[in-house]
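Take a look at the structure set out below.
Only the coordinates and a few stated rules stand behind these numbers; no lab work does. Every value quoted in this text rests on a predicted model; they were computed, and no experiment measured them. Neighbour counts are summed over all protein chains in view; Cβ atoms, including those assigned to glycine, are modelled from backbone coordinates with ideal geometry.
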Amino acid sequence: MNPETADSPFVRACRRLPVPHTPVWYMRQAGRALPEYRALRADVPMLTACATPDLIVEITLQPVRRYGVDAAIFFSDIVVPLKAIGVDLDLRPGVGPVIAAPIRDTAGLAVLRDLTPGDVPYVTEAVGALVKELGATPLIGFAGAPFTLASYLIEGGPSKNHDHTKAMMYGEPALWHALMDRLTEISLAFLRVQVQAGASAIQLFDSWVGAVAPEDYREYVLPYTSRIFAGLADLDVPRIHFGVGTGELLGLLGEAGADVVGVDWRVPLDEAARRVGPDKALQGNLDPAVLFAPWEVVERRALDILRRGRAAGGHVFNLGHGVPPTADPDQLARLTDLVHQASAR
């Protein structure tokens, strides 16, 4: 961790220590809602931008300048480490990751070799440059969790029902566990690269794990997410775990080993605190759609979240999912100011 950030409100809240105000950052703050981002990316494919240090640095810094948030999040994508080890994939606008050859048998596992720092030199370079630029503002590194990466690889792209994924999980458990084992090592290596280059915290995104029932999460997913968080313990940085539609899994997400559990908008934070337990900080959880409502609605909802967030040992204000692409940046800047002012100790 960058030592300058150790006493920042964000890191302190993640560690459940007293803070001068509730820290705030936004998932997907670096990107599509900002006109300066769209101008920069006008002729640059997403995966090219994710492998170009100068672009990574500038895009990561844009929301920090615009919103005054308490943390930056590294500009990348969860499929970047897969691309780096040779998986044939593309990020198609309006669609998401598309895998040329979905993995549905043992032979398909061959493409998933180990990730080394040498595979992602642009990450090390960009993180180092960002740490210098950000100073006392923490940089959050991130990776996709094994279940969500597995779903993309098995389905061949985004899926509503994850039918092929669950068919493998239930019907070919040996293949499932072999796939999850390899993805665990890849995600862990990607996170360690970011922290060793200077990131002050990490977030593991398990965007699609809400599709799994609690008993299946415990058997087929939990061992792998636990391994990732345990594999970062020696680096002594806050570890955040986030998934969408995970209300019934919050207790299990807490068991996985993260310091902070991200909560989507479906569960009030005081109830989430009860489900997760007292020894975790929480992150969240304004419904992103509220950003399109009149300011008085945004204000009322945000203040209610701050009130409910006091039930947790620590609270990082965030949305319950990513910033919508058509959100008004001025609304987010105003929201950041509101959170800071209303929570000032």
So what is the relative contact order for the range 208-345, in percent, with contacts set as C-alpha pairs under 8 Å and at least six apart?
-> 21
With θ set to phi - 60° and the Karplus curve 6.51 cos²θ - 1.76 cosθ + 1.60, what are the ³J(HN,Hα) couplings of the range 8-16 in order, to the nearest whole Hz, using x for Gly and Pro?
-> 6, x, 5, 5, 5, 5, 4, 8, 6
Hz values of 3J(HN,Hα) by residue in the range 22-29 - Karplus curve (6.51, -1.76, 1.60), Gly and Pro given as x = 5, x, 9, 8, 10, 4, 6, 5
For the range 203-209, in residue order, the Karplus 3J(HN,Hα) values (coefficients 6.51, -1.76, 1.60; θ = phi - 60°; whole Hz; Gly and Pro = x) are 10, 9, 8, 10, 4, 9, 6
Under 5 Å between amide H atoms, partner at least 5 residues away or on a different chain: which partners does R16 have, H built in plane at 1.01 Å?
-> none
Quick one: which residues, 5 or more positions from R92 or on another chain, have an amide H under 5 Å from its amide H? H modelled 1.01 Å from N in the peptide plane, none for Pro or chain starts.
-> V98
Note: T48 to T326 extended length (0.36 nm per residue) minus current alpha-carbon separation gives 97.8 nm
Counting only the backbone N, which residues of the range 172-210 are under 20 Å from the spot 7 Å out from the Cα of T106 toward its beta-carbon?
-> 172-184
Whichever lysines have a C-alpha closer than 19 Å to that of K166, once near sequence neighbours (fewer than 8 apart) are set aside | none
Pairs of Cα atoms under 8 Å, at least six residues apart: use those to get the relative contact order of the range 38-88, whole percent.
-> 29
Between the range 297-344 and the range 1-64, what is the C-alpha centre distance in whole Å?
-> 17
Project the alpha carbons of the chain onto their principal axes and report the range along each, largest first, in whole Å.
-> 57, 43, 39
For K280, residues with placed amide H under 5 Å, excluding near neighbours = G313
For the chain, what relative contact order do you get, as a whole percent, if you take Cα pairs closer than 8 Å and at least 6 residues apart?
-> 22
Calculate, in nm to one decimal, what S159 and R345 gain on full extension: separation in residues at 0.36 nm each, minus their alpha carbon distance.
-> 62.5 nm
